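Comments concern the structure below.
Any read-out appearing in this document is the output of simple, stated calculations on the displayed coordinates, not a laboratory observation. Remember, predicted model here, so these are calculated numbers, not experimental data.
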Amino acid sequence: MSHAMAASGAGSAVHAPPAVYRRAGAALAAEWIKLRSLRSMLITPLLGAVACIGVADLAVKNNAAGWAHLDAAGKAQFDPLVINFNFVVLGIVLFGVLGALVATNEYGSGLIRMTLAATPQRGLVLAAKAVLAGLASFALAMVITFTAFFTGQAILFGAHAPHLSLGDHNVLAHLLGTVYYMTAAGLIGVFTGILVRSAAAAITSMFGLLLVLPVLADKITPDAVTRHTVPYLPLNLGDEMLHHHPGLSPGTAVAGLAAWVLVLAAAAAFSLRGRDA
């Protein structure tokens, strides 16, 4: 009997999940509980989604109403996909701010000290926040992007203006690129929030990085420095990826956004390990 119990115990030990998996699961569960317990983290995405879809549909409606009055040149330039996705700039700022709030909500309340005391592996805490924020951003981006597309194209169809379906050339790639772009913006917000550790500073940083800096940079007289830096700002990378302007290839733009996320992730991990809460 003792041999049977020993064998049973050995079998349990073999099949028991490694400690690292248990710690990772516990960290994810803790972050999920904290995230869904904040009313602002439920209301803000909902209002943001309504705003993005509303802006998209309003832009489409205004353009559809003027379709019949366009001249031949205007009709030739009419792009139902570009018209439908004028909300993307608003979307990336929204996702950047949401990511920043995910990272900074504990710093304002002081709860971060308890989190790091309960999970001393600070890299694991950061990874849990990033995974959760990434999944939430991806899901929300999918809802916003595909809802805006279907409602916008339905408005164009009803106005007898040029419209597209999901199976048309490059449409699905454009939609998935938009989802990728907004998800990347959310992760950039998370890692920026860890770096600055303040909701106000993180939100300001997101507006500056994703919106203000590219606009200011475009006003600078082009030179050797700007030609090799300005195109690699997140807003410009996303624009290159979605609209395929002459310059960077879409693949380079996708890799550039990934590089922003990875570099900021490394900086955030280094900062979290080296500073007190």
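Across the chain, Cα pairs under 8 Å and at least six residues apart give a relative contact order of 23 percent.
Counting every alpha-carbon pair across the chain, the share separated by more than 27 Å comes to 49%. Note on K61: lysines with a C-alpha under 26 Å away, same-chain residues under 8 apart excluded, are K75. Would you list which lysines come within 27 Å of K34, measuring only between C-alpha atoms, while excluding same-chain residues fewer than 8 positions from it? List returned: K129.
If I fit a long axis through the Cα atoms of helix 122-158 and take the longest principal axis of the Cα atoms of the chain, what angle between them do I get, 0 to 90°, rounded to 10? So the helix axis and the longest Cα principal axis differ by about 30 degrees. Rounded to the nearest whole angstrom, the semi-axes of the ellipsoid equivalent to the range 163-238, taken from the Cα gyration tensor as √(5λ), stand at 27, 21, 9, largest first.
Annotation: average projected area of the range 109-236 is 11.7 square nanometres, based on the convex hull of Cα atoms across all directions.
Computed 3J(HN,Hα) for the range 102-119, one whole-Hz value per residue from the Karplus formula 6.51 cos²θ - 1.76 cosθ + 1.60 where θ = phi - 60°, is 4, 7, 9, 4, 7, 5, x, 8, x, 5, 4, 5, 5, 4, 6, 6, 6, 10, glycine and proline marked x.
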